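Reviewing the structure listed below.
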Amino acid sequence: MSTTRAPRKPRPAARSNRQAAHRLALLESMLRVRRFEERCVELYSAARIRGFMHLYIGEEAVAVGVNEALTDDDAVVSTYREHGHALARGVPAEAIMAEMFGKATGCSRGRGGSMHLFDAGRRFYGGNAIVAGGLPLAAGLALADRMTGHNRVTCCFFGDGAFAEGEFHETANLAALWGLPLLLVCENNLYAMGTALARHQAQTDLALRAAAYGMVSWAVDGMDVFAVEDAARRAAEGVHAGTGPHFLEMRTYRFRAHSMYDSDRYRDKTEIEHWKERDPVEGLARRMREAKELTDKARTALEDRLSAEMDGAVEAAERAPEEPVEDLLKYVTSPVEASRP
């Protein structure tokens with residue numbers, strides 16, 4: 001008579017070690033985004049990066065937490081504030097920095113710049129300079145997966161300003177009507193450019209409004225990476241299970257102005273300082289120190305490693321070639337269209 005042994009439950013110590021390692025990985029991912037953004041500020045101020053640039057400082061928990069819940073087969077559609085999304089998705093800092101410099105080795109061959117990062121291999125479909133412009137594209141990706149039988153999630157990031165655009169409401173309606181495998185992540189940082197949420201939305205509970213379309217919707221503390229990861233994981237599981245689109249309102253805050261051109265005169269400085277007290281990066285680091293999971297030596301080593309990574313990205317971008325003039329018309333039209341009379 002044969003017997004089957006029940007699988008052994010993981011020991012508490014082993015489980016605790018895995019959880020600590022996961023927390024360290026989350027901290028490293030958020031710090032990578034923060035240090036990349038800070039380096040971009042330095043380079044932009046020195047006129048080594050040109051054009052528009054929108055920083056993600058303060059919102060790192062959203063990008064990192066959501067991407068932790070997604071698989072490599074899932075798709076991500078982003079906004080013009082997408083450096084953090086791209087890094088959390090796994091796009092190398094070197095490829096993004098080269099794109100910032102407009103070099104041919106950039107993830108968009110130097111043609112997109114800060115607002116148009118793209119990496120098809122990682123199913124990262126932009127970067128979009130148009131407010132709410134990514135929402136219909138995400139719906140199309142989700143519809144394609146449904147029609148071809150792929151059980152994948154398309155995650156679309158957008159801001160509270162995009163919530164006011166017609167594209168959001170059209171996308172939400174069709175997604176719910178057709179049961180599309182779509183995860184809508186609204187990064188509500190309380191300001192649509194320079195306009196406070198309460199000045200452009202009569203109902204400021206965006207999750208409540210999204211629920212009116214028949215979607216599963218709830219609000220999340222976007223300054224807590226664990227809350228974000230847990231909510232995104234539950235939502236992604238629901239989408240994978242075929243329960244239709246899900247909506248997450250990530251209540252977060254950007255510490256910097258809307259863009260590098262913004263004088264940021266529409267926010268009270270005390271409000272900014274209040275939100276900085278909830279810094280998602282330092283909040284996690286503090287919790288890890290209190291739990292004896294992060295020493296000063298380990299934090300210094302992590303910072304040194306990330307600093308070297310940023311140095312390497314900048315050096316590689318500076319050495320990288322610019323696109324040859326004779327290639328400037330490549331990718332403007334498709335080969336098929338170009339060959340037609």
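The values are calculated or read from the model by the stated rules, or taken from the named source; none is laboratory data. These numbers come from a predicted model, not from an experiment. Here Cβ is always computed from backbone atoms with ideal geometry, including for glycine, and neighbour counts include all displayed protein chains. For the accessible areas, the whole protein counts, side chains as well, though only heavy atoms, and no ligand, DNA or RNA atoms are used. Shrake-Rupley method; radii C 1.70, N 1.55, O 1.52, S 1.80 Å.
For the chain, modelled as a GNM whose springs connect Cα atoms under 10 angstrom apart, the maximal fluctuation among 37, 167, 326 occurs at 326. The protection proxy used here, the mean number of other Cβ atoms lying within 10 Å of each residue, ranks peptides 219-228, 287-296 as follows, highest first: 219-228, 287-296.
For region 242-320, a simple Cβ point-charge model (Lys and Arg +1, Asp and Glu -1, everything else neutral) yields a dipole of about 260 debye relative to the Cα centre. From most to least packed by mean Cβ count within 10 Å, the peptides 233-246, 107-120 give 107-120, 233-246. Over all distinct Cα-Cα pairs of region 267-338, the Kirkwood formula returns a hydrodynamic radius of 17.2 Å. For the chain, the antiparallel share of DSSP beta bridges with both residues in that region comes to about 10%. When we measure straight from the Cα of residue 330, which lysines land under 16 angstrom away, once same-chain ones fewer than 8 places off are left out? Within the straight-line cut-off, residue 330 pairs with 103.
Note on region 152-172 and region 263-304: Cα centroid distance 29 Å, given to the nearest whole angstrom. Summing Lys and Arg as +1 and Asp and Glu as -1 over all other residues whose Cβ lies under 12 Å from the Cβ of residue 270 gives a net charge of -1. Across the accessible surface of region 290-341, with the other protein chains kept in place and a 1.4 Å probe, carbon and sulfur atoms take up 56 percent.
Output the antiparallel fraction of DSSP beta bridges having both residues in region 132-232, as a percent to the nearest 5. Antiparallel bridges: around 25 percent, rounded to the nearest 5.
Across 60, 315, 68, mean-square fluctuation computed from a Gaussian network of the chain (C-alpha pairs under 10 Å connected) peaks at 315. Computed on region 76-159, with alpha-carbon pairs under 8 angstrom and 6+ residues apart, the relative contact order is 34 percent. Here the extension length gained between residue 276 and residue 305 equals 8.0 nm, from 0.36 nm per residue of separation less the Cα-Cα distance.
Taking only the C-alpha atoms of region 204-288, the Rg (one decimal) and the largest Cα-Cα distance, Dmax (whole number), read 15.9, 46 Å. Ignoring ligands, DNA and RNA, what accessible area per residue does the chain give at 1.4 Å, in Å²? Accessible surface, normalised per residue, equals 50 Å².
Within the accessible surface of region 50-152, defined with a 1.4 Å probe on protein heavy atoms only, the carbon and sulfur portion equals 54 percent. Residue separation of residue 19 and residue 203 scaled by 0.36 nm, minus their Cα-Cα distance, works out to 62.4 nm of gained length.
Using only alpha-carbon positions in the chain, the gyration tensor eigenvalues give semi-axes of 30, 27, 24 Å once each is multiplied by 5 and square-rooted (largest first).
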